[in-house]
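Here is the structure we will look at.
The values are calculated or read from the model by the stated rules, or taken from the named source; none is laboratory data. Quick caveat: nothing in here was measured; it's all calculated off a predicted structure. Neighbour counts run over all protein chains shown; Cβ positions are idealised from the backbone, glycine included.
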Amino acid sequence: MTTKIMIIDDSAMVRTQVSRALTGAGFAVVEACDGADGLEKLVSHVDVSLVVCDVNMPRMNGIEFLEHVQPGLPVVMLTTEGQPELIARARSLGAKAWILKPFKPDLLVAAARKLTSTT
């Protein structure tokens with residue numbers, strides 16, 4: 001069974017880049033355009049093993065998404081934001097990693113493999 005990862009980002013270009021990196025590494029991908037869309041799609045994609053989420057998005061940002069997502073689902077924040085207090089807030093809400101954009105595809109894939117325990 002293929003491990004499924006959800007990408008939440010309001011930029012279609014970023015979603016495409018992340019999707020390309022993850023599908024190239026053998027993951028299945030579900031895309032969402034913001035945190036609210038991500039929460040809605042998680043209802044029908046209960047087999048998602050990891051979420052890669054932006055911070056700054058309309059409707060529901062990444063921090064708000066973390067406040068609403070079920071505990072235990074690993075979330076990697078992929079963002080241009082690097083403020084220590086924002087990173088600390090995300091970690092306190094359960095974020096497992098913080099990757100800055102522009103991202104290195106191999107770093108993202110390595111994090112995804114580690115957090116989903118796939119080799």
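Checking the condition of a type in the set (Gly, Ala, Ser) and farther than 26 Å from Thr2 by Cβ, which residue from Ser92, Ser49, Ser44, Ser117 passes? Spell out how you get there, then give the answer.
On the way: Ser49 fails: farther than 26 Å from Thr2 by Cβ; Ser44 fails: farther than 26 Å from Thr2 by Cβ; Ser117 fails: farther than 26 Å from Thr2 by Cβ.
Unique residue meeting the criteria: Ser92.
So, in the stretch 20-68, of the ones that are acidic (Asp, Glu) and not in a helix (DSSP H, G or I), which residue ends up surrounded by the most Cβ atoms within 10 Å (Cβ to Cβ)?
As a first pass, look at the stretch 20-68 and keep what is acidic (Asp, Glu): 31, 34, 37, 40, 47, 54, 64, 67.
Filter again for not in a helix (DSSP H, G or I), leaving 31, 34, 47, 54.
Numbers: Glu31: 17, Asp34: 21, Asp47: 11, Asp54: 26.
That would be Asp54.
Which number in (1) out of contact with any helix residue (DSSP H, G or I) (no Cβ under 7 Å at 6 or more places or on another chain); (2) among the polar types (S, T, N, Q); (3) farther than 17 Å from Ala111 by Cα; (4) modelled with pLDDT of 95 or more marks the one condition that Gln70 misses?
So Gln70 meets the others, but not (4).
Given the criteria without any contact (Cβ under 8 Å) to a residue 40 or more places away in the chain and at positive phi, does Gly94 qualify? Spell out how you get there, then give the answer.
Numbers: without any contact (Cβ under 8 Å) to a residue 40 or more places away in the chain: yes; at positive phi: yes.
Here the answer is yes, as Gly94 does meet what is asked.
Could you check, for the stretch 100-108, whether at least one of its residues is surrounded by 16 or more Cβ atoms within 10 Å (Cβ to Cβ) and either without any contact (Cβ under 8 Å) to a residue 24 or more places away in the chain or β-branched (Val, Ile, Thr) (or both)?
Checked the stretch 100-108: no residue is surrounded by 16 or more Cβ atoms within 10 Å (Cβ to Cβ) and either without any contact (Cβ under 8 Å) to a residue 24 or more places away in the chain or β-branched (Val, Ile, Thr) (or both).
Please determine, by comparing only the residues of the stretch 1-19 that are in a helix (DSSP H, G or I) and small (Gly, Ala, Ser), which one is surrounded by the fewest Cβ atoms within 10 Å (Cβ to Cβ).
First pass over the stretch 1-19, keeping only residues in a helix (DSSP H, G or I): 12-19.
Still in the list and also small (Gly, Ala, Ser): 12, 19.
On the way: Ala12: 10, Ser19: 19.
Of everything passing the filter in the stretch 1-19, Ala12 is surrounded by the fewest Cβ atoms within 10 Å (Cβ to Cβ).
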